[in-house]
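Take a look at the structure set out below.
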Amino acid sequence: MSERSLYRPEDTRFEVDIEALITRLRPLLPAEGLITHEQGRRAYECDGLAAYKQLPLLVASPETVDQARAVLQICSESRVPVVARGSGTSLSGGALPHPQGVLLSLAKFNRIKEIDPHRRIARVEPGVRNLAISEAAAPFGLYYAPDPSSQIACSIGGNIAENAGGVHCLKYGLTVHNVLQVTLLTIEGDQVTLGSLAPESPGYDLLALLTGSEGMLGVIVEAVVQLLPNPLTKQVLMASFPTVEAGGHAVAAIIAGGIIPAGLEMMDGPAIQAAEDFIQAGYDTQAAALLICELDGGEAEVSEQMRRVETILREQGADRIRVARDDTERARFWAGRKAAFPAVGRLAPDYYCMDGTIPRKHLAQVLKRISELSAAQGLRTVNVFHAGDGNLHPLILFDGNRPGELERAEQLGGQILELCVEVGGTITGEHGVGMEKIDQMCVQFRPEELEQFYAVKAAFDPQGLLNPGKAIPTLNRCAEFGRLHVHRGELPHPQIERF
């Protein structure tokens with residue numbers, strides 16, 4: 001797959017004296033904490049969106065907050081861009097390096113500082129793996145609720161930067177609902193703590209602002225997250241449907257019935273087959289759509305909800321329903337879903353994972369339209385998604401070695417995201433904007449709104465050094481993109497017809 005420049009001229013306006021920068025940084029970092037040679041930098045050229053690659057100018061890997069602060073202070077004084085990186089599992093190019101900047105790796109910030117079972121909190125460094133928090137809390141009967149599919153590898157700092165979700169976010173919320181406090185460094189190296197361990201903190205909710213800000217406002221060095229007690233009872237069932245549309249209607253019917261499952265996930269036929277071949281989870285490979293529903297709580301509550309859910313599923317056309325017999329089978333049902341992305345990776349040389357969110361009531365019609373758009377582009381799309389909250393993850397299959405296929409995949413991805421906006425949804429649910437969706441921000445937001453985003457960034461980062469070129473498009477970019485604003489099904493704003 002050929003590499004191409006993804007940064008625009010306004011994003012590469014920095015002039016860096018690399019030798020002077022190396023001279024200042026090297027004494028401040030541990031041995032091998034500053035990577036300058038190409039082979040070492042190549043390991044950081046992309047995140048989980050491997051179609052986009054860019055070599056960083058340098059890679060700094062501090063071990064302490066003071067070292068990270070010193071790197072930021074020098075970069076601020078020298079006007080050098082900084083891109084913070086955790087585990088590198090982002091799927092939107094959010095951790096893509098800057099060609100004239102320092103890639104600040106926080107992988108060595110991997111300590112769990114405290115598990116407090118009485119207050120039900122965990123105090124962790126940003127490089128701690130998502131799953132490691134639940135593993136450390138397990139002896140106390142507690143766990144950390146947000147569980148992205150990449151939880152075995154993704155770091156909590158990256159989860160906060162992208163506001164990650166997971167299969168249980170329908171009932172227990174995204175990262176923003178489970179983080180109590182964050183300590184960050186500004187680009188000038190100042191240390192700031194946002195949020196509170198109390199139920200409420202005074203002033204503006206800057207913690208919510210930081211969560212999902214994609215490393216553009218500050219560099220996270222510590223987080224305090226809330227822990228939840230393990231549910232008394234869990235039950236998981238799988239339902240097979242003859243059509244994807246029927247499965248979509250069933251999702252809407254369950255939520256409309258006043259039931260909020262802990263997880264409500266859906267896969268289409270190709271995804272079912274791929275996951276079954278990969279994991280042998282016991283999936284019905286003859287189904288056009290498979291719905292996995294987890295209910296948790298007290299025994300009486302779960303029993304009643306199970307009865308109601310099974311009734312709804314049959315009314316919506318489910319032709320097979322299986323209930324997990326024990327914890328082992330329950331874990332196997334989920335294992336196939338959580339391994340769906342790598343499983344689909346066996347179907348084609350490359351795939352492009354999209355991330356948009358729609359109102360649940362439009363699920364069936366949007367899935368049908370995605371199929372039509374895929375056929376028009378001559379590409380296959382496999383659907384795996386968080387059906388309960390309308391967060392879609394269409395996986396567009398392509399071969400990057402074939403001329404034009406990556407571009408067609410990107411075009412199809414853009415069409416899918418714009419479809420989400422047209423029906424009243426958004427261009428992202430948990431992966432962030434990064435480089436991948438930056439053009440579709442021009443569709444989601446008006447110029448006046450984009451200007452406010454820039455004003456917020458300028459308040460935290462006046463020189464625009466933190467993760468430049470990501471998440472928020474310039475108005476010039478929107479003009480060149482040539483797309484009218486389409487927000488929640490409205491007509492374009494009359495004052496921006498030039499776009």
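None of the figures in this text is laboratory data; all of them are computed from the coordinates on show. Source: prediction; values computed, not measured. Glycine gets a Cβ as well: all are built from the backbone with ideal geometry, and neighbour counts include every protein chain shown.
The table for this structure:
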item	result
Debye intensity ratio I(q)/I(0), log10, the chain, q values 0.07, 0.12 Å⁻¹ (C-alpha model)	-0.38, -1.14
Cβ-placed point charges (K, R +1; D, E -1), dipole of the stretch 161-252 about Cα centre in debye, nearest 20	500 debye
Against the rule of thumb 2.2 N^0.38 Å, how large the Cα Rg of the stretch 287-364 comes out	1.36
Estimated FRET transfer efficiency when R0 is 45 angstrom, pair residue 193-residue 480 (beta carbons, to 0.05)	0.65
Residue 31/residue 79 FRET efficiency (R0 25 Å; Cβ-Cβ; nearest 0.05)	0.35
Links that overshoot a 20 Å alpha carbon limit, given the list 234/338; 171/234; 171/457	171/457
Lone cysteines, the chain (no partner Cβ under 4.7 Å)	46, 75, 154, 169, 293, 353, 420
Label-point gap, in nm, between residue 410 and residue 260 - each point 7 angstrom along Cα→Cβ	4.0 nm
In the stretch 150-220, GluC sites (Glu not before Pro) in a DSSP loop with at most 13 other beta-carbon atoms within 10 Å	200
Charged-residue dipole, Cβ positions (Lys, Arg, Asp, Glu), the chain about Cα centre, Debye nearest 20	400 debye
Quarter of Cα convex hull surface for the stretch 233-344, i.e. mean projection, nm²	6.1 nm²
Normalised contact order of the chain, rounded percent, pairs of Cα under 8 Å and 6 or more residues apart	14 percent
Residue 455/residue 325 FRET efficiency (R0 56 Å; Cβ-Cβ; nearest 0.05)	0.50
Point-to-point label distance, residue 307-residue 22, nm (Cα→Cβ direction, 7 Å offset)	7.3 nm
Evaluated over the stretch 112-229, the Cα radius of gyration and Dmax, each in Å	13.2, 41
Spatial separation of Cα centroids for the stretch 94-160 and the stretch 286-310, in angstrom	30 Å
The stretch 9-105 - charge dipole about Cα centre, Lys and Arg +1 at Cβ, Asp and Glu -1, debye rounded to 20	100 debye
In Hz, Karplus ³J(HN,Hα) per residue of the stretch 468-474 (6.51, -1.76, 1.60; θ = phi - 60°; x = Gly, Pro)	x, x, 10, 6, 10, x, 6
Nitroxide proxy distance, nm - points 7 Å out along Cα→Cβ at residue 138 and residue 55	4.3 nm
Degrees separating the helix 65-78 axis from the principal Cα axis of the chain, which is the longest one	60 degrees
Share, in percent, of DSSP beta bridges within the chain that are antiparallel, nearest 5	90 percent
Rh (Kirkwood; distinct C-alpha pairs) - the stretch 1-147, Å	16.8 Å
Full-stretch length increase - residue 448, residue 8 - with 0.36 nm per residue and alpha-carbon distance subtracted	156.2 nm
Farthest positive-ward along the chain dipole, Cα basis, beta-carbon charges - from 403, 331, 293	331
Cα-Cα pairs of the stretch 331-443 separated by more than 18 Å (percent)	49 percent
